[in-house]
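J.: Mind having a look at this structure? Questions to follow.
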Amino acid sequence: MPTTLELQGAVKLRKLMQLYLPRAMESRELLKLFPLVKVDETELIYERRQVETGLQAARGLGGPTGAVRKPGLDQFRVAPGYYGDFYTITEQELTDLRDAGKWDDFENYDSQAARGTQHLTRRFLDRCEFSISSLITTGGFQAANAQGVVYHQDVFNVPSFTPPVLFSDLNNSQPLNFIRDLIPTLELGKSVSFQKGYILCSRPTANLILKNQNTADLNGRRLQYGQTINNLDGMNEFLLSNDLPPVRVYDKGFYSDPPGESPVFSRFMTNGTMVLVGLREDGEPLGEYRLTRAAQNERAAPGEWYQVEDRRGKDPCQVILRAGHNGGPVAYYTEGFAILNAAAPF
């Protein structure tokens, strides 16, 4: 059905940029935390030595030395998920699809294919970040198809904590005192520092701390020259000066495939949830997003895959772009994360 504009006479349109621009890898905070790594395996098994225990034994003069109890091994096995999409360029689009904002210019095949590839790549990276965010905010994640059938699910032992008074109770909650008291228990006997890490959350969740009205907590604190704390920079300055991790806001997300006409934007970091992210003393990454072997790649090499099926000489005439990957996020050091149920989801 032609639009009103198409029924009018000569018009000039302005081509506007897309509402939600493609994002560079540098802006994907969760892929910095869990970097993409290709592994030439079909599943990942990793091992970790258990804690070394005990003190050197007393033997007495002339006595025998004591036997050391050797630490055992913990072994973990993680199965990959299998993901993929296709993007069809139809015969009509190949024949007469015009470029947005232009009535007298037809879009060529290269630009259509580039747009399709960009779309598929964004979905791939958003899938990676969504799985990572689910892991660090709930301790597990699952992937389902459009019909709701779950094909991939993994669960990790990420500790979770709920303050006695939720941070949404601005008059009575004590977010700073709660975090200050929690960190020593998280670090006890662990090779991880939360003071050198950060608190990851959405901006509305960070605002719960900024808007705190309790004089026994943030509302009663002042900066170096007596200023009140009114913004994120001021709050982080105060946190760092008090050996507390700063807040790092991450408000990115994705638009859902709508069952109706209006897509809904969902944040990766759910409002109401904060994640304490620590730093290992040896500098080891806390986790990775692993890309395992894929039959679609040459010699079944690991990594994401892309395919082009050019059917312009067949019936029906069309070009099909496909993309996918096998893998998923793996948390190697779950003690480097702590979930804070700061408020009810909102």
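J.: Tell me yes or no: at least one residue of the stretch 85-99 is closer than 27 Å to R23 by Cα, within 24 Å of the chain's Cα centre (by Cα) and modelled with pLDDT of 85 or more.
T.: Yes, the stretch 85-99 contains at least one residue that is closer than 27 Å to R23 by Cα, within 24 Å of the chain's Cα centre (by Cα) and modelled with pLDDT of 85 or more.
J.: Please pick out the residue among T53, T42 that is in contact (Cβ under 8 Å) with a residue 60 or more places away in the chain and either in contact with a helix residue (DSSP H, G or I) (Cβ under 7 Å, 6 or more places away or on another chain) or among the polar types (S, T, N, Q) (or both).
T.: Matching residue, one of T53, T42: T42.
J.: Condition test on P245, is it assigned to a loop (DSSP other than H, G, I, E, B), closer than 20 Å to I132 by Cβ, open to solvent by less than 30 Å² (accessible area, probe 1.4 Å) and not β-branched (V, I, T)?
T.: yes
J.: For the stretch 101-111, check the following and say yes or no: at least one residue is at pLDDT 95 or above and either more than 21 Å from T205 (Cβ to Cβ) or open to solvent by 50 Å² or more (accessible area, probe 1.4 Å) (or both).
T.: No; the residues of the stretch 101-111 include none that is at pLDDT 95 or above and either more than 21 Å from T205 (Cβ to Cβ) or open to solvent by 50 Å² or more (accessible area, probe 1.4 Å) (or both).
J.: Within the stretch 287-346, how many residues turn out to be open to solvent by 10 Å² or more (accessible area, probe 1.4 Å) and of a type in the set (S, T, Y)?
T.: Residues meeting the conditions: 4.
J.: While we're looking at this one, here's another question. With the requirement that a residue be in contact with a strand residue (DSSP E or B) (Cβ under 7 Å, 6 or more places away or on another chain), charged (D, E, K, R) and either under 30 Å from Y82 (Cβ atoms) or surrounded by 15 or more Cβ atoms within 10 Å (Cβ to Cβ) (or both), what does the stretch 275-286 give you?
T.: Passing the criteria: only R280.
J.: List, please: which pairs have Cβ atoms under 9 Å, are six or more places apart or on different chains, and start with a residue in the stretch 204-218 that is within 12 Å of Q174 (Cβ to Cβ) and in a loop (DSSP other than H, G, I, E, B) and end with one that is open to solvent by less than 10 Å² (accessible area, probe 1.4 Å) and aromatic (F, W, Y)?
T.: Matching pairs, first to second residue: N212/F167.
J.: Here's a follow-up. All but one of (1) open to solvent by 50 Å² or more (accessible area, probe 1.4 Å); (2) of a type outside the set (F, W, Y); (3) at pLDDT 95 or above; (4) more than 14 Å from V275 (Cα to Cα) hold for E187; state the number of the condition that does not hold.
T.: Every condition holds for E187 apart from (1).
J.: Assuming G272 fulfils every condition listed in (1) open to solvent by less than 50 Å² (accessible area, probe 1.4 Å); (2) at pLDDT below 95 apart from one, which condition is it?
T.: Against the list (1) open to solvent by less than 50 Å² (accessible area, probe 1.4 Å); (2) at pLDDT below 95, G272 comes up short only on (2).
J.: While we're looking at this one, here's another question. If you scan the stretch 142-162, which residues turn out to be open to solvent by 10 Å² or more (accessible area, probe 1.4 Å), touching a residue at least 60 places away in the same chain (Cβ under 8 Å) and either of a type in the set (D, E, K, R) or within 19 Å of G84 (Cα to Cα) (or both)?
T.: A146, Y151, H152, D154
J.: Can T205 be described as within 29 Å of E281 (Cα to Cα), among the polar types (S, T, N, Q) and loosely packed, with under 15 Cβ neighbours inside 10 Å?
T.: no
J.: Another question about this same structure. Are there any strands (runs of 3 or more DSSP E) wholly within the stretch 278-346 with 1 or more residues that are among the hydrophobic types (A, V, I, L, M, F, W, C) and farther than 19 Å from T121 by Cβ, and if so which?
T.: Once the strands (runs of 3 or more DSSP E) in the stretch 278-346 are filtered for at least 1 residues that are among the hydrophobic types (A, V, I, L, M, F, W, C) and farther than 19 Å from T121 by Cβ, what remains is 319-331, 337-341.
J.: When you scan the stretch 248-265, do you find a residue that is out of contact with any strand residue (DSSP E or B) (no Cβ under 8 Å at 6 or more places or on another chain) and over 29 Å from D126 (Cα atoms), even just one?
T.: no
J.: For residues that are among the small types (G, A, S) and open to solvent by 50 Å² or more (accessible area, probe 1.4 Å), scanning just the stretch 55-78, find the one that is farthest from L135 (Cα to Cα).
T.: G62
J.: I've got another one for you. Select from the stretch 38-54 the residues that are in a loop (DSSP other than H, G, I, E, B), closer than 28 Å to V68 by Cα, open to solvent by less than 100 Å² (accessible area, probe 1.4 Å) and not β-branched (V, I, T) and list them in ascending order.
T.: Q50, G54
The values are calculated or read from the model by the stated rules, or taken from the named source; none is laboratory data. Predicted model only: the values in this text are computed from it and were never measured. All Cβ positions, glycine included, derive from the backbone under ideal geometry; neighbour counts span all protein chains shown. Quick note on the areas: whole protein, heavy atoms, side chains included, nothing else; ligands and nucleic acids left out. Shrake-Rupley method; radii C 1.70, N 1.55, O 1.52, S 1.80 Å.
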